[in-house]
Amino acid sequence: MQLLLPPRILFGRGALAQAMPHLRALGDRLILVHSASASAALPLADDLRALGCTVHTYIAKGEPTLPGLEAALKTLRPHNAGAVIALGGGSALDLGKALAALLPGTHPPLYHLEVVGDGHSLDTAPLPFAAIPTTSGTGAEATKNAVISVPDAQRKVSLRDDRMIACLAVVDPALTEDVPPAIRLASGLDAITQVIEPYLSRNATPLTDALCRDAIPLGLRALRSLMHTPTEQAFGDMAHVSLSGGIALANAGLGAVHGLAGVLGGRTGAPHGALCGRLLVPVVRTNLARMRGPRGPEVLSWIAAAFPEAPDPLSALEAWIDAQGLPRLADLGVTPDTHGDVATESLAASSMRPNPVQLSVSDLLQILASS
């Protein structure tokens, strides 16, 4: 049993200011990848320059794609940076993580990408990488992979290596407070999915269980608060859940929600968090119907405590998600005629392997139809 996680995590309101000496220690030549909407990016770059660093900024435009990653490598390689910092949502963190992994090497991304590429391990150590999330959802600040969309294959796949985990994760809940409600909902549902799936995973360990048992009920309460009466406490709690989910999934894996979402995202370009939020209840319902042991009832009890409006906790959660206006799969571009191909392709996804029960194409078709 092992637990992979960033060797240094700074967590809490004001953590970004406390991180400046650690960011400066990464080196004299830095690349700062950031979301276009990340208002803290330019002040951070100025602060690092004031400390004597050369900083080249690069905007992450949407979820990272293979052509976008190839263009970024071509642009940034001449800067000979010694480290990469990423500030923003999961897309910016994934792009920064991929750049840190590939800038020192000589092979193109497809040499290393799973499923659509050759899947080779990195043969050169990644650059030091620091992650500063501005959303509470993906947990990318604590994961060992970067998700890349490959448009030609209509797939989202991972670049993965244990050494890709950030050497420094800076989780400052104050940076998440400007996120619009729709993104707050989708990213929050993703964060909750990423503590439920590792808890139910066939690869769960006592170490990941310890994280998830606290994070699942905390996240359910926090998300409800964030959508109705946002508080500093709720923002902090959701940031904690997102970080816990990143650590848990990096060590215990995920399940059918992410197995399906990866394929659907590659085909439609729909936001990952929205896909996960829509798939969460049907997948959990299908899994729990076949699982034995205490974990299923535990998860149901945590959902029931946060959403007591209906006798069936999963129905209550789904009704609440509907009331918040999360689009259904059909509204996200997933048409019924694609369900068969999606179900078949999802069975080969790496995220599907730790699912607690073996699901068939027929099971996945029912999940897609009810999402």
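Hey, could you check the range 106-150 for residues that are polar (S, T, N, Q) and buried (at least 22 other Cβ atoms within 10 Å of the Cβ) and say which is farthest from Thr176 (Cα to Cα)?
Applying the filter and picking the extreme gives Ser149.
Annotation: Leu175 fulfils all but one of (1) closer than 20 Å to Gly262 by Cα; (2) at pLDDT 95 or above; the unmet one is (1). Scanning the range 186-199 for residues that are open to solvent by 10 Å² or more (accessible area, probe 1.4 Å) and farther than 16 Å from Gly90 by Cα returns a single hit, Glu197. Total residues in the range 45-68 satisfying the condition of being in a helix (DSSP H, G or I) and open to solvent by 20 Å² or more (accessible area, probe 1.4 Å): the figure is 6. Of all residues in the range 4-21, those that are in a loop (DSSP other than H, G, I, E, B) have Cβ atoms under 8 Å from Cβ atoms of residues that are open to solvent by 70 Å² or more (accessible area, probe 1.4 Å), 6 or more apart or on another chain, in Leu4/Asp162; Arg13/Glu232. Once the range 1-27 is narrowed to residues that are of a type in the set (D, E, K, R) and surrounded by 15 or more Cβ atoms within 10 Å (Cβ to Cβ), the residue that is nearest to Val171 (Cα to Cα) is Arg13.
Is it the case that Thr268 is modelled with pLDDT of 95 or more and in contact with a helix residue (DSSP H, G or I) (Cβ under 7 Å, 6 or more places away or on another chain)? The answer is no for Thr268. Listed by first and then second residue, the pairs linking a residue in the range 112-136 that is in contact (Cβ under 8 Å) with a residue 12 or more places away in the chain to a residue that is surrounded by fewer than 21 Cβ atoms within 10 Å (Cβ to Cβ) and acidic (Asp, Glu), with Cβ atoms under 6 Å apart and 6 or more places separating them unless they lie on different chains, are Leu122/Asp161. Tallying residues that are modelled with pLDDT of 95 or more, surrounded by 19 or more Cβ atoms within 10 Å (Cβ to Cβ) and not in a strand (DSSP E or B) within the range 69-105 yields 15.
Restricting attention to the range 333-371, which residues are closer than 20 Å to Gln154 by Cβ, of a type in the set (Ser, Thr, Tyr) and touching a residue at least 24 places away in the same chain (Cβ under 8 Å)?
Thr338, Ser346, Ser350, Ser351, Ser371
Once the range 28-39 is narrowed to residues that are hydroxyl-bearing (Ser, Thr, Tyr) and part of a loop (DSSP other than H, G, I, E, B), the residue that is farthest from Ala174 (Cα to Cα) is Ser37. With respect to Val283, determine if the residue is closer than 16 Å to Gln366 by Cα, open to solvent by less than 10 Å² (accessible area, probe 1.4 Å) and touching a residue at least 12 places away in the same chain (Cβ under 8 Å). So Val283 fits the description; yes.
Can you tell me which residues in the range 349-371 are open to solvent by 70 Å² or more (accessible area, probe 1.4 Å) and assigned to a loop (DSSP other than H, G, I, E, B)?
Arg353, Gln358
Taken together, the residues in the range 299-347 that are assigned to a helix (DSSP H, G or I), open to solvent by 60 Å² or more (accessible area, probe 1.4 Å) and not small (Gly, Ala, Ser) amount to 6. Considering only residues in the range 28-39 that are out of contact with any Leu (no Cβ under 6 Å at 6 or more places or on another chain) and among the small types (Gly, Ala, Ser), the one that is surrounded by the most Cβ atoms within 10 Å (Cβ to Cβ) turns out to be Ser35. Among the residues of the range 257-285, the ones that are in contact with a Leu (Cβ under 7 Å, 6 or more places away or on another chain), farther than 18 Å from Leu223 by Cβ and among the β-branched types (Val, Ile, Thr) come to 1 in all. The single condition among (1) modelled with pLDDT under 95; (2) surrounded by fewer than 14 Cβ atoms within 10 Å (Cβ to Cβ); (3) part of a loop (DSSP other than H, G, I, E, B) that Leu42 does not satisfy is (3). Where strands (runs of 3 or more DSSP E) fall entirely within the range 122-212, those with at least 2 residues that are of a type in the set (Gly, Ala, Ser) are at 129-133, 145-150.
The values are calculated or read from the model by the stated rules, or taken from the named source; none is laboratory data. Note that the coordinates shown come from a computational prediction; the quantities given were computed from them, not determined experimentally. Here Cβ is always computed from backbone atoms with ideal geometry, including for glycine, and neighbour counts include all displayed protein chains. We work out accessible area using only protein heavy atoms, side chains counted, and drop any ligands, DNA or RNA first. Shrake-Rupley method; radii C 1.70, N 1.55, O 1.52, S 1.80 Å.
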